[in-house]
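One structure is given below, represented as structure tokens, and several questions about it will come after.
Laboratory data are not the source of any read-out in this text; all were calculated from the coordinates shown. Here the structure is a predicted model, which means the values were calculated and not measured. Neighbour counts are summed over all protein chains in view; Cβ atoms, including those assigned to glycine, are modelled from backbone coordinates with ideal geometry.
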Amino acid sequence: MILAPILRKDREEPRTTPNPGDSLAKKDDALRVVGFRTAFVYDIEQTHGKPLPEFAKTTGDPREFAEKLKELVAKQGISLEYDKSIAPALGLSAGGRIRLVPGMQPAEEFSVLAHELAHEMLHHRKVDARLPKVVVETQAEAVAYVVCRGVGLETNSAAADYIKLYNSDKKTLAESLSVIQETSSKILDQLLPEQRMAPGHEKHPVMVFADKLAQSHDEPGRASPAQPAAARQGPDQSDSISLDR
């Protein structure tokens, strides 16, 4: 048993409209502690049973492409920051600003950054009506998948696991195929200016991703990370590629 704070809005504070990129803490500046209550918590060591399944992670060595991707982000006029307060999300995109949680493995950080850059390129610069969340996340993750594959990283089932959180499917992916191809090509043209992704006779990376997505829907019993919706706040503040990744 612990003492937990009771928060109340300060009615004397003027009401302001928060910016999309503001953190939750900043938005709640008008809250104040008025007392405490009892609350109950437990530690993981007090539980027993088989370990919960973990989502797959992107692996490999991004080599010089990690710095090239950061340079591309800067070239686009987007600020890149490291902020541990965004956890459990690994990355957030808020239109001209990308935040990543520090301490990720290089391959995972590359994948998260590619995902957030896709959000910046696709979902923050257009005045069109906002796309459904499932479409937004499918597009960003598919772009990240193609870019990671293009520089030689192994995504395993990480991309398909992430997309499954939003109940996406192969049809949703197919409807965004041209957008995904165009955006991933723009990124890879900067990372690999003298190369192209895959020989013409090989299956296109987006279609490989579609196959993985379809297969993941056939696999029962995959656990979702805790609070997937809470860490995702729509196209104005789109997060990274997974919550345990």
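Once R0 is set to 25 Å, what does the formula 1/(1 + (r/R0)^6) return for the Cβ-Cβ distance between Leu52 and Ala87, expressed as a FRET efficiency to the nearest 0.05?
Working: r = 18 Å, r/R0 = 0.71.
My answer for the efficiency is 0.90.
Can you check what the net charge comes to around Lys70, using other residues whose Cβ is under 15 Å from the Cβ of Lys70 (Lys, Arg +1; Asp, Glu -1)? Please report the intermediate quantities before stating the final value.
Details: positive: Arg63, Lys68, Lys75, Arg97, Arg99; negative: Glu64, Glu67, Glu71, Glu81, Glu108, Glu109, Glu116, Glu120.
Here the charged neighbours net out to -3.
Another one. Report the full-extension gain for the segment Asn156 to Lys170: residue separation times 0.36 nm, less the Cα-Cα distance, to one decimal in nm. It would help to have the intermediate numbers written out before the result.
On the way: separation 14, 0.36 × 14 = 5.04 nm, distance 1.75 nm.
Net length gain for the segment: 3.3 nm.
Taking 24 Å as the cut-off for C-alpha to C-alpha distance, list the pairs among Lys68/Lys171; Lys68/Lys186; Lys133/Lys170; Lys57/Lys164 that go past it. Working shown, then result.
Numbers: Lys68/Lys171 33 Å; Lys68/Lys186 13 Å; Lys133/Lys170 16 Å; Lys57/Lys164 15 Å.
Where the Cα-Cα span goes over 24 Å, the pairs concerned are Lys68/Lys171.
Could you state the per residue volume, in Å³, of the convex hull enclosing the Cα atoms of segment 140-195?
Details: hull volume 4.0 nm³, N = 56.
Output value, Cα hull per residue: 71 Å³.
How large is ³J(HN,Hα), in whole Hz, for each residue of segment 44-52 in order, when computed from phi with the Karplus curve 6.51 cos²θ - 1.76 cosθ + 1.60 and θ = phi - 60°, using x for Gly and Pro?
Couplings: 4, 5, 8, 9, 8, x, 5, x, 5 Hz.
For all pairs of alpha-carbon atoms in segment 37-127, what percent lies in each bin of width 5 Å, listed from the first bin to the last filled one?
The percentages, shortest bin first, are 3, 12, 19, 19, 15, 10, 8, 7, 6, 3, 0.
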